[in-house]
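Heads up: the structure comes next, in C-alpha cells.
No value in this document is a laboratory result; all are computed from the given coordinates. The structure presented is a predicted model; accordingly, all values stated were derived computationally and were not measured. FYI the Cβ positions are ideal-geometry reconstructions off the backbone, even for glycines, and counts take in every protein chain you see.
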Amino acid sequence: MTASPERHEFQAEVKQLLDLMIHSLYSDRDVFLRELISNASDALDKLRFEQLTKGELGATGEPAIQLEANREARTLSVSDNGIGMSREEVIRNIGTIARSGTKEFTGALARSTAKDIPALIGQFGVGFYSAFMVADRLELVTRRAGEATATRWESVGDGAYTISDAERDQPGTTVTLHLKPADPEHGLADYADDAVIAPIVKRYSDFVGYPVRMKDKTLNSMKAIWDRAKGEVSEDEYKQFYRHVSHDWNDPLKTIPVKIEGTYEANALLYIPSKAPFDLYNAEMKRGLQLYVKRVFVMDECRDLIPAHLRFVRGVVDAHDLSLNVSREILQKDRQIQVIRKQLVKKVLGALEELQRDAPDQYAQFWTELGPVLKEGLATHDAESKDKVLELVMAASTKHERTSIGDYVSRMKEGQDAIYYLVGTSKDTVAKSPLLEAFVAKGYEVLLFSDPIDEFWLERAPAFRDKPMKSIGRGDIDLGATATTDDERARFADLLACLRVELQEEVKEVRLSQRLATSAACLVTDEHDMTPRMQRMMEQMGQALPKVKRILEINPQHPLVEKLRAIFAESHADPRLGQCARLLYGQAHLAESGTLPDLTMFTQALTDIMLRAT
Ligand code: ADP
C-alpha cells in the first residue's frame, strides 16, 4: 500500500547527541521511561487543550498511557491517545533539536564532558533520544488528531532515520523500543519485565495526571502533587515533578509550594532552577507556568502568571475559579490571574529573600546564574516588587567580593549620605577604575556593577530605603576634604582652557578632578548624559543618537599636570601640550573600557613624545 520508506539524515547536532547517548555510561538509565511518559502526558495535555479551544477533533477515548512489555520479542512500547504528530511534525520534532536552541546546544555540547551529558540532554529538550540508552532500535507510529493517515518513524541511531506511511486506529503515538540485552551489572535493567517497569513508573511518574497502565493495572496514583499538603510530599517527589514540568534534569535550587486563599483560590508549585536555562535571553524561550483549573490541564507556558524578570521560574498553577475554556487573550486581562500573579511574585521574591538570608552559598549560586534576569525587574513600573528586588541585588564592591546593598548601607561611614556605585563594561575595568581613587583614599566603599542591564536601572536614579544611589562616574562629586581650592582653580585655569581647545572635538569640558589620587586623568559622564555603553546598546537596538561628549577631568596633584602647567606658562604654543592632551584623553579611555577612540591619534602623539625623549 505504501511507497518504500524515505531515508532522512539527522541534523548534525542530533547525530552528535545520539552518539553520546548510545556510548555514555549514564548510570540512571531508568529515566528514559520518565521522558517517554512525560512526552505522552504532554501529548494528552495538548489534545485536551485543542479540544477546549478548537472544538471537536472526533472521539479520542479516555486519555491514558499504555505500557506493554514483551519478553520474547524484547520490546517495550509506550502508547498514548494524545495529539499525535503529522508527517511534517515528526520530521521537525524528532529529526531536529528543539526549535530555537540549536546554536546554544552545539556550543554547550562542544564544552561538555561525559559527566554533563544528562543535564545537557534534559535542558535542551531532547528527552526522546534517551530511549537509545536502553534500545538499539526505535520505532514510532503516530497519527495526528484530526487527520486520517499515520506515520512510521524508525531509527537505529546511526545518523539517519526512515519515514513511511502507516496505519493507526486511533490518533496518538506509540513508541516501541527494541531493547538492548539486559545487563544489570552495568545499570541496564531488564525493561521487558513488568516487575521492573512498575516501580520505575511509581518513582518517576506517579503524579502524571493520566493513568499509566500496564495490562489492566494503573501504576500511578495521579495525585496532583500541588494539591497535597507540604508534609505529605517527599523531597524526591518534588524533584521528580520538577523534572517533569521543566524538562530540566538538574535538581531545582528551591521548591516553593503556594496556597492562595481569599477571593480567588489557587494552589501552585513553583521551582527556582539551579542552572540558568540556555535560552534565557532568547525571545522564543519556553517560559511561563502550566495552568490547570481544578486539576484539569488548561495550558502550557502561560506567560501571564509570571513577569518577565522571573521567567526562570517553573511550575504549575491550579486556579480553582477560572473557566476551563479560557483563552490566552482573556487571560491577559483576567482579574483573577492578576491577583494570582501578584501573590506568586510575592512568594518567589520571599523565597529568594529567605535563601539570601539563610543560605548564602545557594543564593550566590542563584545570583551567578540568574541575577541579571532578576535585575530586569528594577526597570519595571511595579514599585513594590522593585523595592523587593533591590533588596535582593548583590554586587561586588571596593571592600567585598559580593555584598547586598543593605549590608553596604550598614557599613556606610558617618556623614556619608549617598550609596556610591560605579558601573562599567567589565568587572575588571570597574575594579581598577581611576574614578575610585579618592573614594578608596577616604575609606568610602563603592559598589561595582558591570552587567549590561545595570546601565538601564541605575540610569533611573534609584533610591534604596530612601538613600539615593549616586554614580561616581557622573556629574560633580563633592568629597569634602579633597575639594578643589579656589587657589588651585586659579592656578590651572589657563592650562584647562588650553586643553579644552586641544580636545574640543572630543570632550565637552576639561576640569580639575576631585576623584583622583594617583592617576593623572579620567573621563566622566555629565549629570544628565547617557553613558557610552548605554548609547551603544541603544544604537544596537536601532536608535540613531547624536554623539555624546564626555568630560575630561585632570588631577591637579599629579606631577605631569603640574609639569604641563609650567610648559604652558613658558610657551602657549609648545607642541607637547597638544600631544599630552591627546595621550591623557586616550589613557582615560583605556582605563575605562580597554579601548581607544582613535588609535592613530594616540599612537601618533605617543611616537612624537618618545622621539622627544630619546
Ligand atoms: P521535549 O519533550 O523536551 O520537547 P523530546 O525530544 O522528548 O523533547 O520530544 C521532541 C518533540 O517531539 C516534543 O516536543 C513533541 O513535540 C514531540 N513528541 C515526542 N513524543 C511525543 C508524543 N508521544 N506525542 C506527540 N508528540 C510527541
FRET efficiency, Asp158 to His186 (Cβ-Cβ, R0 30 Å, nearest 0.05): 0.90
Computed [θ] at 222 nm, deg cm²/dmol, the chain (DSSP H ≥ 4; -39,500 (n - 2.57); rounded to nearest 500): -12000 deg cm²/dmol
Highest-first arrangement of 355-365, 563-573, where packing means the average Cβ count within 10 Å: 355-365, 563-573
Leading residue at positive end of dipole, the chain (Cβ point charges), from Ala148, Leu447, Thr176: Leu447
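Quote the charge dipole size of the range 487-614 about the Cα centre in Debye, to the nearest 20; the model charges only the Cβ of Lys and Arg (+1) and of Asp and Glu (-1).
My answer is approximately 140 debye.
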Sequence-distant lysines (8 or more away, or on other chains) whose Cα lies within less than 29 Å of Lys508: Lys427, Lys432, Lys442, Lys470, Lys547, Lys549, Lys563
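What's the ranking of 241-253, 63-75 by average number of surrounding C-beta atoms within 10 Å, highest first? Walk me through the intermediate numbers first.
Numbers: 241-253: 20.8, 63-75: 16.9.
Most protected by this proxy first, the peptides run 241-253, 63-75.
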Cα-based shape type of the range 385-511, given that a ≥ b ≥ c are square roots of the gyration tensor eigenvalues and the cut on a/c is 1.5: prolate
Anisotropy class of the chain from Cα gyration tensor, a/c 1.5 cut: prolate
Cα centre as origin, Lys/Arg/Asp/Glu Cβ charges: the range 307-390 dipole, Debye: 240 debye
Gain in span if fully extended, Glu235 to Glu488, counting 0.36 nm per residue against the direct Cα distance: 84.2 nm
Spin-label proximity, Ala569 to the range 492-528 - amide N less than 15 Å from point 7 Å beyond Cα toward beta carbon: 492-496
Value of relative contact order over the chain, rounded to a whole percent, pairs C-alpha under 8 Å and six or more apart: 9 percent
Two-site FRET efficiency, Glu505 against Ser410, from Cβ-Cβ distance with R₀ of 45 Å, rounded to 0.05: 0.45
For the range 589-598, Karplus couplings with θ = phi - 60° (6.51, -1.76, 1.60), whole Hz, Gly/Pro x: 5, 4, 5, 7, 9, x, 10, 10, x, 9
Violating pairs (Cα-Cα greater than 28 angstrom) within the set Lys275/Lys375; Lys46/Lys375; Lys46/Lys180: Lys46/Lys375; Lys46/Lys180
Added length on full extension, which subtracts the Cα-Cα distance from 0.36 nm per residue, Asp216 to Ala441: 73.2 nm
Shape call, the range 368-438: gyration tensor on alpha carbons, a/c limit 1.5: oblate
Selected from Val296, Ala40, Ala166, residue furthest toward positive end of dipole (the chain; charges at beta carbon): Val296
Net dipole in debye of the chain [+1 Lys, Arg Cβ; -1 Asp, Glu Cβ; about Cα centre; nearest 20]: 500 debye
Virtual paramagnetic centre 7 Å along Cα→Cβ of Leu280, amide N under 17 Å, in the range 286-305: 286-288
Residue (of Gly473, Leu435, Ala461) at the positive-pole extreme of the range 434-482, dipole from beta-carbon charges: Ala461
Burial ranking of peptide ranges 303-311, 7-15 (average Cβ count within 10 Å, highest at the top): 303-311, 7-15
Amide H contacts of Val208 (H built 1.01 Å from N, under 5 Å, at least 5 apart or other chain): Met222
